[in-house]
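Input: a single structure, listed below in structure tokens.
Taken together, the values in this text are just the output of simple stated rules run on the coordinates, not laboratory data. Being a predicted model, the structure only gives us computed values, none of them experimental. As a convention, Cβ positions derive from the backbone with ideal geometry for all residues, glycine included, and neighbour counts pool all protein chains shown.
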Amino acid sequence: MENFIVSARKYRPQTFDTVVGQKSITNTLKNAIKNNQLAQAFLFCGPRGVGKTTCARILAKTINCEHLSPGIEACDHCPSCVSFNENASFNIYELDGASNNSVDDIRTLVDQVRIPPQMGKYKVYIIDEVHMLSASAFNAFLKTLEEPPAYAKFILATTEKHKILPTILSRCQIFDFKRITVDDIASHLHYVADKENISAEENAVHVIAQKADGAMRDALSIFDQLVSFAGNELTYNTVLENLNVLDYEYFFKMTDQILACDIPGTLLTIDDIIGKGFEGQHFLIGFGEHLRNLLVCKDASTAKLLETAPSIRNHYVEQSTRCPISFLLQLLDINNRCDLNYKTSNNKRLHLELSLMQMCALVLQPELNHGANSKQSIPPSTPQGTPSAGMQKNTPVNQPPPSVHQPQASGIKEEIKSGIQVGIADHTSNQQAAALKKNVETFKMRDIQHEFTSTTSIKKPPSKTESDTLSSDDYQARYETATPFTQTELSLCWDEFADKLKNESPHLYSTLKGSRPVLQPDWKIEFILANKVLEDELNSKKTEMMEFLRFRLNNYKIHLQTSIVDNQKTMKPYTDKEKFDMLAEKNPALRTLREELDLEIEY
């Protein structure tokens with residue numbers, strides 16, 4: 001039975017031109033050889049599997065070749081090249097820094113350096129994982145590395161440059177190897193597949209390249225593993241099954257369901273994903289990458305950042321046209337928050353499902369549904385539509401004032417119009433459009449805001465209950481509403497708001513429950529506090545409280561006025577002196593008695 005050689009070794013580059021993804025480094029090394037400007041020491045650093053040791057071997061082989069080609073490549077026919085190819089060269093030494101990391105090992109190396117080469121021009125020492133050398137071994141190596149014999153060359157390779165002493169770094173020419181791009185890895189995998197007579201789909205190869213994370217060796221190892229499973233035909237489904245990768249179609253489907261505000265559909269899709277054995281965080285990471293790809297597709301200058309197969313790129317471009325930039329940014333924010341809190345959540349599935357519902361709720365916002373037809377421009381940074389000029393006087397305090405100059409408003413309006421209204425009509429079926437209309441009527445903004453916490457920094461006015469169908473005049477009329485209410489109704493709403501703060505702010509909760517607000521004329525609410533600290537704490541929640549009370553009582557002219565009670569008169573005596581002074585104030589004869597008898601108060 002013939003011994004099997006893994007592809008990472010079988011197809012290891014033998015010349016500078018065959019090195020994948022490191023063109024700048026190989027050109028620099030070739031020019032150094034051509035101009036006879038070789039340094040005495042090189043340091044190759046970078047992540048795993050990018051060609052550090054391979055380039056070190058090619059450099060060692062090339063500088064000892066007796067008949068270099070015009071392209072500065074080894075001839076593979078001279079005695080030096082033949083001995084190198086057969087692993088029998090006496091001029092090239094490879095050392096492992098992990099197992100030869102002591103001072104004695106470096107002393108042995110220094111003794112070998114003193115002996116000139118028996119054949120060829122240079123003796124080359126390749127030290128892999130050089131960061132594993134001890135500090136003493138580095139120090140013992142300094143002098144030889146700085147002033148070696150003319151025939152000695154040192155090539156150090158490491159994945160952790162920061163662990164190497166600065167005195168070593170200063171004696172080397174440093175070459176930083178970069179991660180190999182997905183396209184370069186995919187191209188090389190196609191080359192290997194052709195050599196091995198293996199049929200590989202384009203999408204399958206790109207999934208392997210993405211899974212390799214920039215390392216060619218990892219990509220070839222995954223390729224060998226999949227070929228062992230699937231034989232000579234490598235399909236996209238085979239790769240997904242063996243690499244535990246979630247199909248990208250799920251992400252496209254989930255995005256379409258969010259655009260259609262199809263909450264039941266998103267829950268069923270995530271159930272299907274979890275049922276296939278994928279962790280919720282696995283989905284979050286993939287969906288975040290999907291949203292990022294949609295975002296980079298919005299501009300032609302950033303479209304090159306999309307690292308996917310060409311057939312999938314068209315799908316990304318098509319879906320990105322239906323997603324406004326502000327909408328994608330809000331989805332990314334919700335997805336990121338869910339990812340950060342996923343591990344600490346006690347009910348991980350509910351945490352994930354709640355985030356998906358919040359994403360669907362974004363579609364119900366005014367700037368996504370009716371922003372294109374609004375008379376007022378919508379600034380791209382605000383998650384809500386800005387009220388008209390006539391409403392500015394009654395605008396809630398936590399809502400930002402409308403921008404005076406908004407040069408991007410018209411562009412955003414056109415994007416929203418094409419992205420949501422036209423996009424859904426053109427790219428969804430009639431059933432999906434009907435489902436969207438039904439969902440918009442069913443999931444009112446009041447219900448969404450009451451059940452789910454908003455992920456944006458600007459709170460939505462809870463008074464909006466007509467599912468985004470009010471005009472500017474309607475909004476103005478609403479904010480001028482002043483429905484009468486009683487002291488009892490005020491107390492009930494006051495206690496309801498206090499209960500919401502029970503876990504978040506226990507101290508403020510006790511304050512609100514311990515004292516009663518007093519309703520005054522002109523819808524003024526007076527509330528007395530014990531000290532300035534409590535007043536500051538209440539002020540931090542004042543805006544939220546006003547929105548809650550105005551909404552609950554349907555009165556938008558409510559305003560809160562706080563005052564601090566003077567506690568000096570009601571303060572109870574604590575020390576003996578305070579007790580005596582209080583008694584003497586009631587009966588002055590006690591003070592006279594104390595002076596006549598020359599009595600003192602014990603402290």
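Remarks
- For segment 131-219, the convex hull spanned by the alpha carbon atoms encloses 133 Å³ per residue.
- The length gained on full extension between residue 9 and residue 565, counted as 0.36 nm times the residue separation minus their Cα-Cα distance, comes to 191.9 nm.
- Residues 19, 518 arranged by fewest to most Cβ contacts within 10 Å: 518, 19
- Label-point separation in nm, residue 317 to residue 535, each point 7 Å along Cα→Cβ: 6.3 nm
- Extending 7 Å from Cα along the Cβ direction at residue 332 and again at residue 483 yields two label points whose distance is 4.2 nm.
- Calculated FRET value between residue 581 and residue 350, using beta carbons and R₀ = 41 Å, to 0.05: 0.10
- Hydrodynamic analysis of segment 141-280 uses the Kirkwood radius over alpha carbon pairs. Inserted into Stokes-Einstein at 37 °C and 0.692 mPa s, it gives a translational diffusion coefficient of 173 µm²/s.
- Between segment 494-526 and segment 116-156, the alpha-carbon center distance in angstrom: 76 Å
- The mean sequence distance of close C-alpha pairs (under 8 Å, at least 6 residues apart), as a share of the length of segment 487-564, puts its relative contact order at 33 percent.
- Residues 52, 541 arranged by fewest to most Cβ contacts within 10 Å: 541, 52
- Amide hydrogen neighbours beyond the local backbone of residue 555, cut-off 5 Å, H modeled: 483
- Set of aspartates and glutamates with alpha-carbon distance to residue 211 below 18 Å, sequence-local pairs under 8 removed: 183, 184, 201, 202, 224, 241, 247, 249, 279, 289, 307
- A rounded overall shape is assigned to segment 1-130, the ratio a/c of its alpha-carbon gyration tensor axes (a ≥ b ≥ c) being less than 1.5.
- For segment 473-567, the Cα-based Rg and Dmax, in that order, read 13.6, 48 Å.
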